[in-house]
Amino acid sequence: MTYAISTKRPAQEPPRTLAHWFDPTRIPAHIWVIAIILLLVPTFTSEFTQYQIFGWAFILGMISLSLMILAGYGGMVSLVQMTAAAAAGYAIAIFGTSAVTEISFAWPWPIAVIIAILASVLVCVISGALAIRTEGIYTIMITLAIGSAFFYFTRQNYTVFNGFTGFNGVQTPVLFGVNWKEPTPFYYLTLSVAGLSYWFTVHLARTPFGLALQGVRDNPRRMAAMGFSVNAHRLAAYAIAGVLSGIAGILLVWSTGQISPNTGSVGPIIDILVITVIGGINRPIGPFVGALLYVLLRTYSLDFLNAIGLDGERFKLVIGLTFLVIVYFSPNGICGIWDKHIKRLWQPIKLEEHNG
Amino acid sequence: MAEPTPTRDVGTEFALELAGLSKSFGALVALNNISLKVRPGERRAVLGSNGAGKTTLFNCITGDFPPSSGSVKFFGEDITFFKPHERIRRGLRRTYQISLLFNGLTVLDNIYLACRGVSNGRFSLLRVNSSDPVSIAADDLIEIANLQDVRSSLVSDLSYGQQRQLEIALALAGAPRLILFDEPAAGLSPKERSDLIQILTHIPQHIGYIIIEHDMDVALSVSNRVTMMHNGSIFKEGRPSQIENDPEVQALYLGSGHE
């Protein structure tokens with residue numbers, strides 16, 4: 001064995017084409033099936049289902065996805081993602097058009113969208129800068145404290161955030177002659193954005209940055225010993241998560257037309273964590289699965305509780321019990337149950353297993 | 001496109017210069033006024049009993065521990081207060097006594113990360129491409145470390161010896177100028193030790209290294225200068241043959257204690 005510096009010259013890099021970014025052959029069959037079903041959902045579901053179930057699930061799934069990037073890829077459990085989404089929502093209301101005309105600037109929506117994403121990134125980066133030198137429970141506490149501070153600040157500030165009332169009548173753009181607030185267009189809008197976010201998160205795992213982030217999660221000391229700036233990678237992950245939560249925050253305010261301090265209160269902050277854990281914090285699909293289950297429970301458990309003679313207002317109890325049951329049986333959430341019990345049903349028996 | 005870190009050692013007298021380096025943990029003095037000079041391309045063995053301060057010395061050189069006093073110069077540049085990754089990008093490398101690898105990643109991914117860490121594009125959001133120069137460099141290193149058969153295996157599936165080989169491969173990534181090997185032969189079989197000696201002796205002459213090793217046969221066969229440490233201080237330096245025949249060293253290693 002000899003050590004020699006390579007004399008091989010790097011091959012000419014092929015020009016980057018659409019296939020470099022999107023190669024359909026690399027997409028597994030089950031993803032195609034799910035994609036086709038999702039595209040056809042408006043043909044067999046009510047407008048309520050499209051808007052209140054799937055639309056909300058996609059939005060909450062995207063906010064949870066931003067947490068999944070930080071926690072699953074980076075090992076940082078941040079509770080500031082809902083706050084970042086709320087900051088983006090406020091930016092849309094303040095810089096775009098709302099019924100609170102004395103505060104809203106009524107700037108064109110593309111400018112408001114850019115400012116909103118920047119606002120979300122800023123919240124995430126500031127929180128990240130304070131949290132990246134901590135781990136575990138300390139990261140959770142710092143980010144929760146920032147979220148709570150944002151909640152109280154928006155509730156008490158009337159000059160910019162309009163205090164307790166917040167903003168209503170926030171306008172959703174009309175583009176290409178389509179009112180995107182209508183249930184079916186809104187369904188396709190949220191589906192497209194959620195689909196792109198999912199693709200980006202899957203893609204991220206195989207990029208140099210994504211690999212390095214996973215390395216930082218597993219072994220920060222070794223990463224530093226290989227030339228990586230651990231803190232810079234963690235901070236960049238917060239910025240990327242901020243983009244996703246910002247886009248979700250924009251869709252959130254477009255869907256309801258309103259934003260108030262309660263959007264970013266402690267309850268929704270914890271909900272995002274619950275959604276991510278229920279779905280599976282290590283997989284990009286997990287947050288969407290968790291969000292769909294959460295929205296279904298939130299929507300229908302009230303009727304269910306009333307039907308069995310209990311107070312329908314206790315729907316959070318059903319969500320909490322579901323969380324406990326799933327986490328008890330599968331720490332990796334529904335994705336973990338899928339991997340452990342369902343996926344293996346149609347997998348061929350491995351020879352070594354068969355032979356004991 | 002990624003580029004290797006440029007070398008800057010032309011005309012520099014010393015690769016590493018430690019001056020009055022000390023490190024204390026409370027009342028415990030782990031390093032006491034260490035002064036050491038290593039020339040470019042020199043192969044130095046650091047020997048000493050457990051607790052002599054050898055690994056602490058490495059940790060102070062790489063920036064894992066800030067020294068209590070003293071300075072560290074790397075190719076003439078004062079790096080005493082540099083962060084670990086800044087030192088690595090200047091050509092300093094190290095391996096660890098206990099393998100610090102990414103068990104959930106493949107061998108190729110581990111080596112790719114090591115190559116990427118000392119290249120540009122660490123924040124790239126483009127998918128890893130096999131024609132990327134960094135990927136080609138990772139492939140080369142796999143061959144150098146003789147890990148072709150396990151290139152796609154998860155690190156957790158490797159034998160202990162293979163993990164040690166991978167540790168060395170990570171340290172060879174990019175354009176190393178000085179490598180710190182922390183007990184690379186620990187736990188290896190005689191055959192693996194012989195392979196290790198092969199790898200170390202075939203490292204290009206312009207790359208220097210400092211090796212901590214308890215196995216005297218390995219340490220003396222791969223070094224051209226030896227530093228003996230005891231209780232956080234340097235107490236002897238010399239050529240391997242001088243150290244091997246030194247009565248004080250023999251007494252220390254045979255267990256009768258250093259007077």
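The values are calculated or read from the model by the stated rules, or taken from the named source; none is laboratory data. Small disclaimer: the values here were computed from a predicted structure and weren't measured. Glycine also receives a Cβ, built like all others from the backbone with ideal geometry; neighbour counts cover every protein chain displayed.
Might you check whether a residue that is more than 7 Å from every other protein chain (Cβ to nearest Cβ), touching a Ser or Thr at 6+ places or on another chain (Cβ under 8 Å) and among the aliphatic types (A, V, I, L, M) occurs anywhere in the range B:150-160? So far as the range B:150-160 goes, yes, one or more of its residues are more than 7 Å from every other protein chain (Cβ to nearest Cβ), touching a Ser or Thr at 6+ places or on another chain (Cβ under 8 Å) and among the aliphatic types (A, V, I, L, M). Of all residues in the range B:234-247, those that are assigned by TED's automatic domain parsing to the domain that holds B:L57 have Cβ atoms under 9 Å from Cβ atoms of residues that are of a type in the set (D, E) and outside any loop (DSSP other than H, G, I, E, B), 6 or more apart or on another chain, in B:F235/B:E248; B:K236/B:E248; B:I243/B:E237. Summed over the range B:219-241, the residues that are more than 30 Å from B:S24 (Cβ to Cβ), touching a strand residue (DSSP E or B) at 6+ places or on another chain (Cβ under 8 Å) and surrounded by fewer than 22 Cβ atoms within 10 Å (Cβ to Cβ) give a count of 4. A:Q52 passes every criterion in (1) under 18 Å from A:N168 (Cβ atoms); (2) surrounded by fewer than 23 Cβ atoms within 10 Å (Cβ to Cβ); (3) not hydrophobic (A, V, I, L, M, F, W, C) apart from (1). Count of the range A:206-227 residues, restricted to those that are surrounded by fewer than 17 Cβ atoms within 10 Å (Cβ to Cβ) and touching a residue at least 60 places away in the same chain (Cβ under 8 Å), is 1.
Residue count for the range B:77-91, restricted to those that are in contact (Cβ under 8 Å) with a residue 12 or more places away in the chain and more than 13 Å from B:D64 (Cα to Cα): 4.
Looking at B:L113, B:L92, B:L100, just one residue is at the interface with chain A (Cβ under 7 Å from one of its Cβ atoms) and closer than 30 Å to B:S35 by Cβ, and that residue is B:L100. Of the helices (runs of 4 or more DSSP H) entirely within the range A:166-254, those holding at least 3 residues that are hydrophobic (A, V, I, L, M, F, W, C) occupy A:183-204, A:208-218. With respect to the conditions (1) surrounded by fewer than 19 Cβ atoms within 10 Å (Cβ to Cβ); (2) more than 10 Å from chain A (Cβ to nearest Cβ); (3) acidic (D, E), B:D182 falls short on a single one, namely (1). From the set of residues in the range A:73-128 that are crowded, with 24+ Cβ neighbours inside 10 Å and touching a strand residue (DSSP E or B) at 6+ places or on another chain (Cβ under 8 Å), which is modelled with the lowest pLDDT? The selected residue is A:S98. Among the numbered conditions (1) surrounded by fewer than 22 Cβ atoms within 10 Å (Cβ to Cβ); (2) assigned to a helix (DSSP H, G or I); (3) within 14 Å of chain A (Cβ to nearest Cβ); (4) in contact (Cβ under 8 Å) with a residue 24 or more places away in the chain, the only one that B:H206 does not meet is (2). The number of residues in the range A:231-248 that are among the hydrophobic types (A, V, I, L, M, F, W, C), more than 9 Å from chain B (Cβ to nearest Cβ) and crowded, with 22+ Cβ neighbours inside 10 Å comes to 5.
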